[in-house]
């Protein structure tokens, strides 16, 4: 890679990291302004740990569902076990908890490519399709929510933008899948080569979109979101918020939409901000909501730390080694733009 270009990429990444940390600090200042330590002790006093255990179990199950979904989408390359797919996902989640800008997606793609003996470019289509599925269900969920719950104008605008992006992305994906291949001799084995970027990705999207596993993965995406919403709602019940499941789903959708842009590690700051903002729509007092935002963050993050660290320790590599292997990759250069 050209040294000047590499320097510009590095500066761009550092700038985005700095902006992410600044945003996190501003969010935390707003969330915890005028909140006393006594508020934490008071509001946490009646937490029911039994609901928390159920919430953690559902959270783990949701990522197993994601592992099953990814397993279906990786079939055009090579079969991968559910355990390996879930392990790679947890390593990626753990990476997102300790590093900014959500580079965990790249890390899990690296692990899958390593285990499948293919290039990381080959794995990119499966991750892109996952994000498309998540975006579709998120847009559908927010659209249905707006029918029953009056959403703030800014949130409605953000949802409209998301819907437009998802509609465009879906249209492009359908075009890629249905268009005739320019090179009839090409096949999925081309995915295993390391040369090029655009054509292997398009080839992968086309191959994956024409499998039965593609439709099963789409259904699993709804199950993934539903179980995550159940986990979030169970923490609400443990805290004493006796809201319906649908209100918990609404707050989670707002949280997902608000944290869609990569920022600080583990989305610290933005996570708490959007939880409080979502609960405020239902008349929850700010101090009460702020303490809950800390509780739900800790409860749903600790399993990721624990399982993710274990998954990384069993992967046969380290984050430092992965970073070293990815550094010269042209895919990293493109992702850093």
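Where a number appears in this text, it was derived from the coordinates with a stated rule and is not lab data. Everything numeric here is computed off the predicted structure, so don't read it as measured data. Cβ atoms come from the backbone with ideal geometry, glycine included; neighbour counts cover every protein chain shown.
For the chain, what relative contact order do you get, as a whole percent, if you take Cα pairs closer than 8 Å and at least 6 residues apart?
Values: 409 pairs, mean separation 112.1, N = 337.
Relative contact order comes out at 33 percent.
What nm distance separates the two modelled labels at residue 223 and residue 172, each placed 7 Å from Cα along Cα→Cβ?
Here the modelled spin labels are 3.0 nm apart.
Binned at 10 Å from 0, what are the whole-percent values of the Cα-Cα distance distribution for the stretch 29-115, short to long?
Percent of pairs per bin, in order: 15, 30, 25, 19, 10, 1.
Would you kindly state how much longer the chain becomes between residue 154 and residue 81 on full extension, computed as 0.36 nm times their sequence separation minus their alpha carbon distance, in nm to one decimal?
Working: separation 73, 0.36 × 73 = 26.28 nm, distance 4.25 nm.
Between residue 154 and residue 81, full extension yields an extra 22.0 nm.
Can you tell me the orientation of helix 49-73 relative to the chain, as the angle in degrees between its alpha-carbon axis and the longest Cα principal axis, to the nearest 10?
20 degrees
Give me the distance between the Cα centres of the stretch 194-240 and the stretch 125-150, rounded to whole Å.
Taking the Cα centre of each part, the stretch 194-240 and the stretch 125-150 sit 11 Å apart.
When the chain is fully extended, how far beyond the present Cα-Cα distance does residue 25 get from residue 306, taking 0.36 nm per residue of separation?
Working: separation 281, 0.36 × 281 = 101.16 nm, distance 2.56 nm.
Contour length minus Cα-Cα distance gives 98.6 nm.
Can you give the helix-only mean residue ellipticity at 222 nm for the chain, where every DSSP H stretch with n ≥ 4 adds -39500 (n - 2.57) and the sum goes over all residues, rounded to the nearest 500 deg cm²/dmol?
On the way: 14 runs with 255 residues, N = 337.
Calculated mean residue ellipticity at 222 nm is -25500 deg cm²/dmol.
Return one number: the angle in degrees, 0 to 90 and rounded to the nearest 10, between the long axis of the Cα atoms of helix 104-116 and the longest principal axis of the Cα atoms of the chain.
On a 0 to 90 degree scale, this one is about 40.
In a solvent-free Debye calculation with one equal scatterer on each Cα, what is log10 I(q)/I(0) for the stretch 36-177 at q = 0.14 Å⁻¹, listed in the order of the q values?
One equal scatterer on each Cα of the stretch 36-177 leads to -0.90.
Which parts of the stretch 287-322 would a label at residue 44 reach, counting a residue when its backbone N lies under 20 Å from a point 7 Å out along Cα-to-Cβ?
Answer for this model: 287-306.
Of the candidates 275, 31, 83, which one comes out as most mobile in a Gaussian network treatment of the chain with C-alpha springs shorter than 10 Å?
83
Taking each pair of distinct Cα atoms in the chain once, what is the resulting Kirkwood hydrodynamic radius in Å? Spell out each step's value before the answer.
On the way: mean 1/r = 0.0472 Å⁻¹.
About 21.2 Å for the chain.
Among 85-97, 306-318, how do they line up from the highest to the lowest mean number of other beta-carbon atoms within 10 Å?
85-97, 306-318
Relative to the compact globular guide of 2.2 N^0.38 Å, what is the alpha carbon radius of gyration of the stretch 20-62, as a ratio? Display every interim value, and only then the final one.
On the way: Rg = 15.2 Å, N = 43, 2.2 N^0.38 = 9.2 Å.
For the stretch 20-62, the normalised Cα radius of gyration is 1.65.
By how many nm would the segment from residue 242 to residue 14 lengthen if fully extended, with 0.36 nm per residue of separation less the alpha-carbon distance?
Details: separation 228, 0.36 × 228 = 82.08 nm, distance 4.27 nm.
Extending this stretch completely gives an extra 77.8 nm.
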